[in-house]
Amino acid sequence: MPELPEVETVARGLRAMLPGKRILEVRLGKSDFIEDPAALERELPGRRISAVERYGKFLVFDFEPANGKDSQFSLLIHLGMTGQIVACSREARVAPHTHAFFALEGGRELRYTDIRRFGRMRILTNGQREEVLGLLGLDPLEASEKEFQERVGARRARIKALLLDQHVLRGMGNIYTDESLWRARIHPKRLGAKLKREEIHRLFCKVREVLAEAIRLRGSSVSDYVDSDGQPGEFQLRHRVYQREGKKCFRCAAAIRRTIVAGRSSYYCPRCQRAPR
């Protein structure tokens, strides 16, 4: 599933081309992943995009007010496991499993492709944005170290589960949690409340370091992810533990192991990341 760096990469690509563009037409194929497809077809044509943002793992398209209608109007997109949204020429070949087409001024088109259709798409009007997104936790790239300490260090839950909990930190997922814990030398089954202050400081720094590096390399393409131009990311070439079970640790040469934490596969080095008693 695309995580914070992948969604941020897509958002940055779209932010460079979409603001100020008007949606001319919406065409939908299969729409079981869309809440109220008719509203998209009815409300989006004629709307001008004012901003593209990332909120956790969500893409948020904000629109200018139109004809005295809702003062706040946004399109919320979650890419699910296999969702892709790319901007291309309207004449470009249509990829299989493309379910939404947004024709834009200037001859380009936004296309949403999703093989498994686990993504989500819905319109948010006045008040709904806070209602839907307000329950999410802090953005790890925006949180202060004090906020991070308060969210993580006071909870008697396994640190892997805490980092994955979107009510604690929004945007973190399996890849970047495993990579951050490896760099911080913290076992995924350690309890947040049992971490020393210097360990939480180290983890805070490594989370930000990993996310910033992954964004610079345009995310990890380990499955279906591509950026807004349809290009794969490169951070998968820098993975040190994720999906490396049985391979040598880059630090100490011990064999990487796999365990289950919070129902998710977790990869770690048994020598560098000491297990809790």
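Quick notes on this one:
- Packing-based exposure ordering (other Cβ within 10 Å, fewest first) of Met17, Met121: Met17, Met121
- Estimated distance in nm for a label pair at Ser265 and Leu237, the labels positioned 7 Å out from Cα along Cα-to-Cβ: 2.3 nm
- Based on every Cα atom in the stretch 4-133, Rg and the maximum pairwise Cα distance Dmax equal 13.6, 39 Å.
- Additional length obtainable on full extension of the chain from Gln128 to Glu209, 0.36 nm per residue less Cα span: 25.9 nm
- In percent, rounded to a whole number, the relative contact order of the chain is 18, using alpha-carbon pairs under 8 Å and six or more apart.
- With Cα atoms as the point set, the chain shows a radius of gyration and Dmax of 20.1, 64 Å.
- One Cα centroid belongs to the stretch 243-277, the other to the stretch 1-78; the line between them spans 39 Å.
- Scaled radius of gyration (Cα, divided by 2.2 N^0.38 Å) that the stretch 66-155 gives: 1.48
- Distance between modelled label sites at Glu245 and Arg258, nm, 7 Å Cα→Cβ extension: 0.3 nm
- Reachable lysines, given that their alpha-carbon falls under 28 Å from the alpha-carbon of Lys146 and they are not under 8 places away in the same chain: Lys57, Lys160, Lys189, Lys194, Lys196, Lys206
- The lysines whose alpha-carbon is closer than 23 Å to the alpha-carbon of Lys21, local same-chain residues fewer than 8 away aside, are Lys69.
All of the numbers you see were taken from the coordinates with simple rules; none came from a lab. Because the structure is a prediction, the values reported are computed rather than measured. Because the Cβ atoms are built from the backbone with ideal geometry, glycine has one as well, and the counts that use them run over all protein chains shown.
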